[in-house]
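Please read the structure below before turning to the comments.
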Amino acid sequence: FSLSNTYKRRLPHLIDFGGRSMKNRAKDCLCHLVSERDGAQIRESVKDGDGSGKHHWGGLLPCGSVHTCPVCSAIIRSKIAVSLQWCMNAHMRNGGEIVMLTLTIPHSRNDSLKSLIDGLKASVAGFFDCRPVRRVLAASGHVGKVQNLEITYGVENGWHPHTHVLLFLDSGVDIAQL
């Protein structure tokens, strides 16, 4: 999130949006000018140099909230997806394997979201810290992992937090044996 750090460094007087919380900042996303002198601009994305690019606003300050702002969330998640895809492609080009694992915990409609998330985080940490899992990962040439918390909601069972994990493994691993 170097973009966020750049804003904090260069525009500290605008970043706090008047001391409002992140939740309230999302309401003002792209409503503040980066520079009073330059104002807002309409910019064209260059595509093949033929003028067929899309147009977008420039010179407006985003809130940078991946969790509460639909505009910033889409931008940030898109950049993360591109980076993750690049890493996955590079790992597989070098002969590595990638396995996806989904971890969840029992839940019911009566469980609070906070208690479920806290329980899931503790369970996931405990899972990867237990000796048998560490042994299997070591034997499979575990290089690293990327994990993401996802939360869904169903009328019948309430909140359903779960974690998706991508395991990056060395080449030649018998995935069926895992």
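Structural remarks
- The calculated FRET efficiency for ALA74 paired with THR152, based on their beta-carbon distance and R0 = 25 Å, is about 0.85.
- Here the gap between PHE127 and HIS164, fully extended at 0.36 nm per residue and compared with their Cα-Cα distance, gives a gain of 12.0 nm.
- Net length gained if the chain between LEU113 and VAL99 were fully extended (0.36 nm per residue, minus Cα distance): 2.3 nm
- Accessible area of ASP174 (1.4 Å probe, protein heavy atoms only, ligands and nucleic acids ignored): about 90 Å².
- Reduced Cα scattering model of the stretch 61-178, Debye log10 I(q)/I(0), q = 0.09, 0.15, 0.21 Å⁻¹: -0.34, -0.87, -1.18
- Largest to smallest in accessible area, the residues TRP159, TRP86 fall in the order TRP86, TRP159 (1.4 Å probe, all protein chains included).
The values are calculated or read from the model by the stated rules, or taken from the named source; none is laboratory data. This structure is a prediction, so every number in the text was calculated from the model and none was measured. Because the Cβ atoms are built from the backbone with ideal geometry, glycine has one as well, and the counts that use them run over all protein chains shown. Just the protein is used for accessible areas: all its heavy atoms, side chains included, with ligands, DNA and RNA removed. Shrake-Rupley method; radii C 1.70, N 1.55, O 1.52, S 1.80 Å.
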